[in-house]
Structure formats: C-alpha cells, structure tokens
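Student: The structure is given below, and queries will be raised subsequently.
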Amino acid sequence: MNEPLAYMIGKSEIGHYKSAFNKSLKLFSSLDPVEMAARSRTEYDPVISMFTVNSFGREISVSYPDGCVTFRGTSLLPVMGWRLIILNYLGRADGTPLLGQEISYRELADGMVFFNAFQRESIYPLGRWIAGKSPDLISSTIITLGGTVRDGADIAAVFQALPCFPVIIKLWFPDEELPGSANILFDSSANRYLHTEDIAALGGYAAAFLIKEYQIRTGENWRQITL
C-alpha cells in the first residue's frame, strides 16, 4: 500500500462531527471485533486490538475499542469525514457479497432525497473538470489512488473505497455537440455497508481525490477542494 498523500491527512479536531462520531464510536465499541472483521472483509489482529482497512490504496488502522483511525504505521490521521465513514462501515457491514449490479445514487435508500446535492457537489464538478485533461494522466492518477481503469466510458475507474465498497466513476470528454459529463455509481449492495449520506460523502472523496491528485501532478489551479 502507498503512503498517504498530503490532502488525505486531517487534523485531530472533531469539530461539527462530534455528535456523529460519538454515536458511531458507541456502536463500534459495542460490537465483537472478530465478527466485525468478518462482515467487513477487513483484517483484525487480536494481539494489538487493531483493524486494518484498505481504502483508496492506503492501509488504515483502527484501534478497538477506542476507534482511533490512523494511516497504518504512522500517527497521521485521515481527514475527519473519512475517519467517520470507516467507523460507520465497520459497524454497519453485514457481509453481503458484492452483487455486481451498478446503481446510481438515486437508487439507494432515500437516495432521491439527497441526489440533487450529490449531483451538484460531486458529479457535476467532474463533468466540468474533464475538459482538456490528459486521458493517460487521468489513468495513472486513478492507479495512484488504488483504482483500476476499465471500459464503459471515455474513462471509467473503479476505486476500492473500502474492502466491500467499490466506487465507480465514469467520465466523458466534451465534443462538438455535448459538454463533458460524469457519473458516480455503486454496487447494489451499498446500503448493506453504509448509510446513504455516508455513501454521498465517500463518492465525494473519490471525486475530490481524483481532481486534487491531478491538480498536483500538473500544477493546475482549477478550484479549491474541501475535504
């Protein structure tokens, strides 16, 4: 696994996440860690009471029962929202196999409630960003983030956002008739692993990491991304 990238590293302050974090930690600490590991397809070392979670090509450690989330082998913290999603994933995962059916955000439980915001904050920015970008550089950026490139669009990527949670990003370059466009899809098992609001955040991280890493590689100043 790769070292954490600078924009992936967060601060220790919980801030406005405090209430959600405390609720997630209460559930996480109440569950059997061996069963959680089996349901979430993560590794758990009972000797040191530590989970290892693979996410966007990085190994992330989660201590049990206190729920401290760090990049493995370091004291560095992932950004707070990412840490919260990982705790929620461990607590919610029920072990359902990937079903192999790709669905849009609006097809998730209550997805229509949040779809406009998800589209505005994550899908539309990708569609605007894609114009003029290098396909080869985008592909290598995807690989840096632990993703794979596949068919299905001008550029299609599958990011292993969590062990049983792929995020699929599809990108189409603009042409003479149509502007650039994008879509973000999920496996139809997604709600067995995360709440719909967490899925929006995780899809947002996939989009933001892709754009930010490309910015860094090219020195391009497109827009500031808030993680």
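The values are calculated or read from the model by the stated rules, or taken from the named source; none is laboratory data. Nothing here was measured: the structure is a model prediction, and the numbers come from that model. Cβ sites come from the backbone with ideal geometry, for glycine too, and all protein chains shown count toward neighbours.
Student: Taking the stated definitions as given, is SER19 out of contact with any strand residue (DSSP E or B) (no Cβ under 8 Å at 6 or more places or on another chain), part of a helix (DSSP H, G or I) and surrounded by 13 or more Cβ atoms within 10 Å (Cβ to Cβ)?
Tutor: No: the conditions fail for SER19.
Student: Would a scan of the stretch 161-170 turn up a residue that is in contact with a Lys or Arg (Cβ under 8 Å, 6 or more places away or on another chain), surrounded by fewer than 16 Cβ atoms within 10 Å (Cβ to Cβ) and outside any helix (DSSP H, G or I)? Steps first, please.
Tutor: Residues of the stretch 161-170 in contact with a Lys or Arg (Cβ under 8 Å, 6 or more places away or on another chain): 163-164.
Still in the running and surrounded by fewer than 16 Cβ atoms within 10 Å (Cβ to Cβ): none.
Scanning the stretch 161-170 turns up no residue that is in contact with a Lys or Arg (Cβ under 8 Å, 6 or more places away or on another chain), surrounded by fewer than 16 Cβ atoms within 10 Å (Cβ to Cβ) and outside any helix (DSSP H, G or I).
Student: Check ARG83, ARG39 and return the single one that is assigned to a helix (DSSP H, G or I) and either touching a strand residue (DSSP E or B) at 6+ places or on another chain (Cβ under 8 Å) or of a type in the set (Asp, Glu) (or both).
Tutor: On the way: ARG39 fails: either touching a strand residue (DSSP E or B) at 6+ places or on another chain (Cβ under 8 Å) or of a type in the set (Asp, Glu) (or both).
The conditions single out ARG83.
Student: Only one of ILE48, ILE14 is on the phi < 0 side of the Ramachandran plot and within 20 Å of the chain's Cα centre (by Cα); which? If you could, list the steps in order and put the result at the bottom.
Tutor: Values: ILE48 fails: within 20 Å of the chain's Cα centre (by Cα).
Step by step, each of ILE48, ILE14 is checked, and only ILE14 is on the phi < 0 side of the Ramachandran plot and within 20 Å of the chain's Cα centre (by Cα).
Student: Evaluate the stretch 22-36: report whether one residue or more is part of a strand (DSSP E or B), in contact with a strand residue (DSSP E or B) (Cβ under 7 Å, 6 or more places away or on another chain), crowded, with 19+ Cβ neighbours inside 10 Å and not assigned by TED's automatic domain parsing to the domain that holds VAL158. Give the derivation first.
Tutor: Keep residues of the stretch 22-36 that are part of a strand (DSSP E or B), which gives none.
Checked the stretch 22-36: no residue is part of a strand (DSSP E or B), in contact with a strand residue (DSSP E or B) (Cβ under 7 Å, 6 or more places away or on another chain), crowded, with 19+ Cβ neighbours inside 10 Å and not assigned by TED's automatic domain parsing to the domain that holds VAL158.
Student: Starting from residues that are among the β-branched types (Val, Ile, Thr) and over 17 Å from the mean Cα position of the chain (by Cα), keep the ones in the stretch 65-124 and report whichever is nearest to ALA200 (Cα to Cα).
Tutor: The first filter runs over the stretch 65-124 and keeps only residues among the β-branched types (Val, Ile, Thr), leaving 69-70, 74, 79, 85-86, 96, 103, 113, 123.
Applying the additional criterion that residues be over 17 Å from the mean Cα position of the chain (by Cα) yields 74, 96, 113.
Values: THR74: 28, THR96: 20, VAL113: 11 Å.
Residue satisfying both the conditions and the ranking: VAL113.
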